[in-house]
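We did not get these values from a lab; they are worked out from the coordinates using the rules stated. Keep in mind it's a predicted model, so treat the numbers as computed, not measured. For neighbour counting, all protein chains shown are included, and Cβ atoms are generated from backbone atoms with ideal geometry for every residue, glycine included.
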Amino acid sequence: MSIHASEATPQALEQLCAYHDGELGGVARWLFERRLRRSPELQQELEELDQIGKLVRASETRADEVDLWDRIRLRLPAADAQRAEETETAWFVTPAWMRPLGAVAVAAVALLAVFFASLDTPAPSGRVVRWMDSGGRSVMVLDDAVDSDVTIIWILDAAVEGAARGGRSDVV
Amino acid sequence: MLRWKVPREEVEVTWCERLRRSVLVMLLMSMLVVVASRPASAEEEKRIEVTLMVSRISDGPGGIDPRAGRLHQKLKSQFRYESLNVLQIHSLTLRIDQVGTELLPNGKKVRIRPLQLDDEGALLAVDVEGAVRGDYKLRNGHLLVFGAGQDGDGKLVISLEPHW
């Protein structure tokens, strides 16, 4: 870095650095650019500063890349090992010789499911009561499959339990 | 004419703030328009007519109430009683998930809530307070009868019949 004697004033150096770093603004920047255009030494000096800056940035980037890759590489074997361990565990339950049988069973179940799903079976009768809670009381459900348009749910009193169908006289 | 000059607090409203307010107002208005013009979903349009009949069977005189003809036909083969009196008849029109509540003569309540309506029938949640509650899948016109316990010298019978 050799600034001509006429240009190598501390003020010029300071201004050059400030210009290079983008710190000069407005009139100061315009004045310095005028001076820069007239001075080949300053131009060369600026070019050298640019080169140094590029080198520094390049070296920093390379350092980051190496560091990042190191981190990733450290984790890769662990992830692979974990995946392999999970695969081993999954197949450990089923012995190797049973695997084809398992596949056949799964296929058979799937075929049966498709077969039964394709049949248009009506909803089973007598499934009127889906859920019921009588709070601990005895309940009688009369849901005649033949005469399926009525369902009777009868709360049984202690004295009349077992009254329906054959014990009719005790109900009321 | 006297005019009171109310001191106003100067609030500087930037164009950015105005824009933000305008966007908010437009969003609210568009939401209102969307909600107002939204067609009712098929599930919301489904309505079930439930006829709820509260009766009392007993060994006392009184005969059979003609309004309870169908109920009598179903009950007479299962239970012995001399009279069947209809105490209340209610007609409820319920949407899916809408709860219909009626007060029984014994002070308890009966609640009906259609849960689902499909090709297989209507799934109704029925709560006869103090007696039984449950979910029942009923076909159109299916008669669901509850013997809801002692009522004086007789027995309270609640029957419901859904139609859609």
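With a simple spin-label model that places each label point 7 Å from the Cα along the Cα-to-Cβ direction, the separation between A:GLN43 and B:ALA36 comes to 7.2 nm.
For a footprinting-style exposure proxy, rank B:SER37, B:SER22, B:SER159 by other Cβ within 10 Å, fewest first.
The fewest-first ordering by Cβ neighbours comes to B:SER37, B:SER22, B:SER159.
Positive end of the dipole of chain B (Cβ unit charges, origin at the Cα centre): among B:PRO61, B:PHE146, B:VAL50, the Cα lying farthest that way belongs to B:VAL50. Shown is the FRET efficiency for B:ASP118 and B:LEU27, computed with R0 = 45 Å from the Cβ-Cβ distance and rounded to the nearest 0.05: 0.75. The sum of -39500 (n - 2.57) across all DSSP H runs of n ≥ 4, divided by the residue count of chain B, sets its helix-only mean residue ellipticity at 222 nm to -6500 deg cm²/dmol.
Per residue, the convex hull spanned by the Cα atoms of region B:71-116 measures out at 119 cubic angstrom. Annotation note: GluC sites (Glu not before Pro) in region B:77-125 located in DSSP loop regions with a Cβ neighbour count of at most 15 within 10 Å are B:GLU82, B:GLU120.
Of the trypsin sites (Lys or Arg not before Pro) found in region B:82-136, none is in coil by DSSP with at most 10 other Cβ atoms within 10 Å of its Cβ.
Here region B:42-163 is treated with +1 on each Lys and Arg Cβ and -1 on each Asp and Glu Cβ, and its dipole about the Cα centre works out to around 320 debye. Computed from the Kirkwood radius of its Cα pairs, the Stokes-Einstein diffusion coefficient for chain B at 20 °C and 1.002 mPa s stands at 107 µm²/s. Can you give me the long-range amide H partners of B:ILE64? Hydrogens built in the peptide plane at 1.01 Å from N, cutoff under 5 Å, separation of 5 or more residues or another chain. Counting only residues 5 or more places away or on other chains, the set is B:LEU84.
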